[in-house]
Amino acid sequence: MMQITRVVLAGLAAAAVVAGCASGGMSQDLDAEFAAMMKSSFRDEGIAKTDRLQQDLAQAACSSPKPPAPEVAKRIEAEAMATIKWPTGGQYFGNWAAGEKLAQSGVGMAWNNETTDPSTNGGQCYNCHEISKQEISFGTIGPSLYHYGKNRGVKDVAAPESAPVVQYTWSKLWNSKAHVACSNMPRFGHMHLLNETQIRDLMSLLLDPRSPVNQ
Amino acid sequence: MKPKWTLLAGAATLVALPVAAQKSSAEGIAEYRKMLEDGNPAELYEVKGEALWKQKRGPKNVSLEACDLGKGPGVVKGAWVELPRYFADTGRVQDVESRLVTCMSTLQGFDADKLAATPFGKGEMANITALATWISGQSRDMPFALSQAHPLERKFYALGEKAFYYRAGPMDFSCASCHGEEHKRIRLQDLPPLYKNPGDGLGIAAWPAYRVSNGQMWSMQLRLNDCLRLQRFPYPKFGSDVTTALAVYMGVNAKGAKSIAPALKR
């Protein structure tokens, strides 16, 4: 854990120096060469600058075919949970139809996109998840979200008994690593991929009993 | 090797098909292949590439027929399924496109930096893609057999593996996010598992490929470039070590898999 933290703090450019004072050997030489290779191989293009290659704790710890040690995973999850911004005014819900549009769109954050403004980004949900039955072109990297609210017994999103699943879903969308340290899912709120209004719309898509997801 | 012009019109109408398709993209592609039989538009690029190889060009007005792709000057057959590999004259591990830049520079007198900086699909880069397409076709149905004999080749495999699992950027994606498990899809698109041998004609064994969806011929450099764009990474320089290392990682993992390049893709 020490070593990972130090690499994160030092950043990619200084990884060679860090590697030198960590527990030595072949793998440390390789780490330094890898850092040098990444630095020389990429360049800025539009909104996609080379600083995107600097890793935070979760990214660094999850960059191996082996999962991180349990204590590292716990720390990632605890730190991610602490980043979650709960919705302003306790307003968790928006418009499921707008959420469906967001779920369909995979646009945003690539070097050919004009801006990093979240309001221009899609949620890319269908790339990885089944959501409504009407859309048959869905990916399978994530679990099916069809009947997401229904399966969790949500009959009224405002009912007190719905609160745990409502809060869980918000936190999952805001920072997925709060629940699974090496989750494949982007951290939509934490990384400024989507704004609060957009996350409210996705909440409605998933949980509103009137949404096509729950029919 | 006569291109079948009548089939090109067929390919164009197929562009609309994936939207309506309810079957997996693998089934869809298999269907396109059957309909097109050996009329893949990539053949046009193979014809162009072969002509470019033999034509006297560049400031020095010579052909590429003395270019060493790893099996000796002028040997093209079987070269593709052994690339990337270490080249003693440059002291580098190079893929086919990077090697073509070397040959076009040393033999024909082109400016290597200018070649590498040319956008995909434009000018000499379109020629490099056509050359790579022809060269890949000269290894059709041959099994992948990358060397790991030179220390740099082994190092590039290790670096490629690290690059494959490297998570970064605003979406925390690595190559493994999409290609790290079997039987996964993005939308309807099947994703080859690239941490192991994905099998004949999948992953590295399918590129260069003609893409029906946009009517473009894509080299492996462009395939990796677009993967990294969708990973929301910064821009990988053409022929950069990270792209070569990833190709070594995929190529070594694919040992024994038969090449179908140049292939036909969605």
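Across segment B:199-212, the number of residues qualifying as touching a strand residue (DSSP E or B) at 6+ places or on another chain (Cβ under 8 Å), outside any strand (DSSP E or B) and not acidic (Asp, Glu) comes to 6. Do we have B:LEU159 as in contact with a helix residue (DSSP H, G or I) (Cβ under 6 Å, 6 or more places away or on another chain), surrounded by fewer than 23 Cβ atoms within 10 Å (Cβ to Cβ) and within 14 Å of chain A (Cβ to nearest Cβ) here? No; evaluated as a whole, the condition is false for this residue. Taken as a whole, the condition of being within 26 Å of A:GLU77 (Cβ to Cβ), away from chain B (no Cβ under 14 Å) and touching a Phe, Trp or Tyr at 6+ places or on another chain (Cβ under 6 Å) does not apply to A:VAL213.
Please work out which residue is farthest from A:ALA158 (Cα to Cα), limiting yourself to segment A:86-110 and to residues that are of a type in the set (Phe, Trp, Tyr) and under 19 Å from the mean Cα position of the chain (by Cα). Among residues in segment A:86-110 that are of a type in the set (Phe, Trp, Tyr) and under 19 Å from the mean Cα position of the chain (by Cα), the one farthest from A:ALA158 (Cα to Cα) is A:TRP86. Within segment A:87-105, if we keep just the residues that are within 14 Å of chain B (Cβ to nearest Cβ) and assigned to a helix (DSSP H, G or I), the residue that is surrounded by the most Cβ atoms within 10 Å (Cβ to Cβ) turns out to be A:ALA103. B:HIS183 meets all of the listed conditions (1) buried (at least 24 other Cβ atoms within 10 Å of the Cβ); (2) within 25 Å of A:SER63 (Cα to Cα) but one, namely (1).
On the given criteria, is B:PHE164 in the same structural domain as B:GLY215 (by TED's automatic domain parsing) and in contact with a strand residue (DSSP E or B) (Cβ under 6 Å, 6 or more places away or on another chain)? Taking the combined requirement at face value, the residue does not satisfy it. Note on segment A:49-86: residues that are crowded, with 17+ Cβ neighbours inside 10 Å and either basic (Lys, Arg) or not in a loop (DSSP other than H, G, I, E, B) (or both) amount to 14. In this structure, is B:VAL252 crowded, with 22+ Cβ neighbours inside 10 Å, within 14 Å of another protein chain (Cβ to nearest Cβ) and not in a loop (DSSP other than H, G, I, E, B)? Taking the combined requirement at face value, the residue does not satisfy it. Evaluation of B:PHE120 against the conditions (1) over 26 Å from A:ALA48 (Cα atoms); (2) of a type in the set (Phe, Trp, Tyr); (3) in the same structural domain as B:CYS67 (by TED's automatic domain parsing) shows that the sole unmet condition is (1). Taking the criterion of being outside any helix (DSSP H, G or I) and either in the same structural domain as B:PRO84 (by TED's automatic domain parsing) or surrounded by fewer than 22 Cβ atoms within 10 Å (Cβ to Cβ) (or both), the residues of segment B:213-230 that qualify are B:SER213, B:ASN214, B:GLY215, B:GLN216. All told, B:SER177 meets the bar of being in a helix (DSSP H, G or I), among the small types (Gly, Ala, Ser) and at the interface with chain A (Cβ under 10 Å from one of its Cβ atoms). Please go through segment B:182-198 and pick out each residue that is in a loop (DSSP other than H, G, I, E, B) and either more than 8 Å from chain A (Cβ to nearest Cβ) or farther than 23 Å from A:PRO67 by Cβ (or both). Once the filter is applied, which keeps residues that are in a loop (DSSP other than H, G, I, E, B) and either more than 8 Å from chain A (Cβ to nearest Cβ) or farther than 23 Å from A:PRO67 by Cβ (or both), segment B:182-198 yields B:GLU182, B:ARG187, B:LEU188, B:PRO192, B:PRO193, B:LEU194, B:LYS196, B:ASN197, B:PRO198.
Applying the selection to segment A:34-48, what residues are part of a helix (DSSP H, G or I), at the interface with chain B (Cβ under 7 Å from one of its Cβ atoms) and surrounded by 20 or more Cβ atoms within 10 Å (Cβ to Cβ)? Residues satisfying the conditions are A:PHE34, A:MET37, A:MET38, A:SER41. For B:PHE233, the conditions (1) closer than 26 Å to B:ALA42 by Cβ; (2) facing chain A (nearest Cβ under 7 Å); (3) of a type in the set (A, V, I, L, M, F, W, C) are fulfilled apart from (1).
Please verify whether B:ARG140 is assigned to a helix (DSSP H, G or I) and within 22 Å of B:ALA79 (Cα to Cα), treating the condition exactly as stated. When the stated conditions are applied, B:ARG140 does not pass them. Residues of segment A:180-188 include none that is in a helix (DSSP H, G or I) and either on the phi < 0 side of the Ramachandran plot or in contact with a helix residue (DSSP H, G or I) (Cβ under 9 Å, 6 or more places away or on another chain) (or both).
So that you can scan it fast, the table gives a plain yes or no per residue for (1) basic (Lys, Arg); (2) within 24 Å of B:ARG185 (Cα to Cα); (3) under 21 Å from the mean Cα position of the chain (by Cα):
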position: A:LYS150; (1), (2), (3): yes, no, no
position: A:VAL154; (1), (2), (3): no, no, no
position: A:ALA158; (1), (2), (3): no, no, no
position: A:PRO164; (1), (2), (3): no, no, yes
position: A:TRP170; (1), (2), (3): no, no, yes
position: A:ALA178; (1), (2), (3): no, no, yes
position: A:PHE188; (1), (2), (3): no, yes, yes
position: A:PRO209; (1), (2), (3): no, no, no
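The values are calculated or read from the model by the stated rules, or taken from the named source; none is laboratory data. Please read these numbers as outputs of a predicted model, since none were measured by experiment. Ideal geometry is used to build each Cβ from the backbone, glycine not excepted, and the neighbour counts take in all protein chains shown.
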